[in-house]
Amino acid sequence: MSYLVIGIIVFMTGFNIMVDTLNVRHHKKTLPPNVATLYDEKRWTNWLNYKHDNYKLGVIMNLGIALLVVSLLLFGVFGQLEKLVASMTPSLYLQTLLFLEIIYWAATVISIPVKYVRIFRIDAKYGFNKTTIKLFVLDSVKTLIMVSVIGGGIVLLLGSILIRFEEDLVLYLSISYGVIVTITLLVFMFNGFFIRAFNKLTPLEEGSLKEKIQKLASSLGFSIKRISVMDASKRSTKLNAFFTGLGKTREVVLYDTLIEKL
């Protein structure tokens with residue numbers, strides 16, 4: 001079984017790298033005439049170089065993760081970890097929770113150098129980064145705690161369902177699917193809460209911009225509870241906007257950099 005998993009990991013890693021490579025090669029093509037006037041040569045070359053640097057980092061990351069996971073499988077580290085958590089508590093619920101939490105924490109620690117290089121080397125090189133070390137650490141700690149708590153709760157819930165209905169696989173899968181769908185909907189509905197845990201959102205001031213957004217939304221039958229501005233400039237100079245939420249919780253969020261520059 002372990003060799004089957006290793007084969008799948010090797011195949012998917014190779015496939016992802018191949019797709020990324022094809023994308024990078026496509027980017028190097030000459031701009032079509034109908035959009036060539038949108039970029040001057042310097043900006044276009046700068047964007048290509050930025051994409052290429054991220055591509056190289058992505059290849060290194062994918063190969064590194066694949067090599068690490070394959071090594072852990074071959075040397076039976078996951079099996080040893082299972083025995084370790086089993087010796088720490090007799091509870092199957094806590095064993096599952098501890099096993100997954102340890103793997104998640106380890107993966108988070110391993111990913112920090114990659115995130116650091118992307119933000120403080122590549123983004124900084126091209127003038128995008130405005131994140132400080134303090135903010136980087138604070139974001140990492142917040143993410144670790146939130147995922148550990150919320151993800152841990154989901155693991156305990158699904159684990160309890162499995163133990164309760166372990167003799168009826170169909171019923172277990174049906175209930176688990178319902179739970180996952182419900183959780184996914186709740187995350188979409190209350191995504192604004194998670195966004196506000198990392199960013200400061202303020203209402204967009206009254207004016208022509210707000211009126212035009214509301215008018216566009218109304219013409220599309222898209223209801224909006226509020227339009228907010230996010231303090232994205234404390235992390236990056238990139239421009240962006242998005243909407244989040246479902247139903248009556250839908251919200252349009254604009255980066256402050258987008259309003260400032262456009």
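The values are calculated or read from the model by the stated rules, or taken from the named source; none is laboratory data. None of the values given here were measured: they were computed from a predicted structure. All Cβ positions, even for glycine, are placed from backbone atoms using ideal geometry, and neighbour counts span all protein chains on display. For accessibility, only protein heavy atoms count, side chains too; no ligands or nucleic acids. Shrake-Rupley method; radii C 1.70, N 1.55, O 1.52, S 1.80 Å.
In region 1-47, what percent of the accessible surface is made up of carbon and sulfur (1.4 Å probe, ligands and nucleic acids excluded)? Each step should come with its number before you reach the end.
On the way: 2620 of 4020 Å².
Looking at region 1-47 in its full context, I get 65 percent from C and S.
Please compute the alpha carbon radius of gyration of region 1-41, then divide it by the globular-protein estimate 2.2 N^0.38 Å. Two decimals is fine. If you can, show how the numbers build up before the last one.
On the way: Rg = 17.8 Å, N = 41, 2.2 N^0.38 = 9.0 Å.
For region 1-41, the normalised Cα radius of gyration is 1.97.
Kirkwood Rh, region 1-94, all Cα pairs: how many Å?
Working: mean 1/r = 0.0592 Å⁻¹.
It works out to 16.9 Å.
When the Kirkwood radius is taken over all Cα pairs of the chain, what Stokes-Einstein diffusion coefficient follows at 25 °C and 0.890 mPa s, in µm²/s?
Values: Rh = 22.6 Å.
Answer, rounded: 109 µm²/s.
What are the semi-axes of the equivalent ellipsoid for region 65-194, taken as the square roots of 5 times the Cα gyration tensor eigenvalues, largest first, in whole Å?
Numbers: eigenvalues 213, 98, 35 Å².
Result for region 65-194: semi-axes of 33, 22, 13 Å.
Scan region 17-54 for chymotrypsin sites (Phe, Trp or Tyr not before Pro) in coil per DSSP, keeping those whose Cβ has at most 16 other Cβ atoms within 10 Å, and list them by number. Mind dumping the intermediate values first?
Working: sites: 39, 44, 47, 50; in loops: 39.
Qualifying residues, ordered by number: 39.
What is the packing order of peptides 231-237, 30-36, taking the mean over residues of other C-beta atoms within 10 Å and listing the highest first? The partial results should precede the final answer.
On the way: 231-237: 16.7, 30-36: 8.6.
The peptides rank, most packed first, as 231-237, 30-36.
Using only the alpha carbons of region 149-262, what is the convex hull's orientation-averaged projected area in square nanometres?
Result: 9.4 nm².
Cut-off under 17 Å on the C-alpha distance; same-chain residues fewer than 8 positions from residue 142 excluded. Which aspartates and glutamates are left, in chain and number order?
Straight-distance partners of residue 142: 101.
Check the straight Cα-Cα distances from residue 29 and name the lysines below 18 Å, setting aside those fewer than 8 residues away within the same chain.
Answer for residue 29, where 18 Å is the Cα cut-off: 42, 51, listed by chain and number.
Please find the FRET efficiency linking residue 43 to residue 108, where r is the Cβ-Cβ separation and R0 is fixed at 22 Å, and quote it to the nearest 0.05. List each step's numbers first, then the result.
Numbers: r = 35 Å, r/R0 = 1.60.
Computed FRET efficiency for residue 43 and residue 108 comes out at 0.05.
Which angle from 0 to 90°, rounded to the nearest 10, does the C-alpha axis of helix 2-27 make with the longest principal axis of the chain?
Rounded to the nearest ten degrees, it is 10.
Where does the chain land at 222 nm, in deg cm²/dmol rounded to the nearest 500, when only DSSP H runs of n ≥ 4 count, each adding -39500 (n - 2.57), divided by all residues?
Values: 9 runs with 177 residues, N = 262.
Theoretical 222 nm ellipticity from helices: -23000 deg cm²/dmol.
Could you work out what % of the accessible surface of region 113-262 is carbon and sulfur, using a 1.4 angstrom probe and leaving DNA, RNA and ligands out of the count?
C and S atoms contribute 67 percent here.
Rolling a 1.4 Å sphere over the protein heavy atoms, what is the accessible area per residue of region 79-118, to the nearest Å²?
Accessible area per residue: 67 Å².
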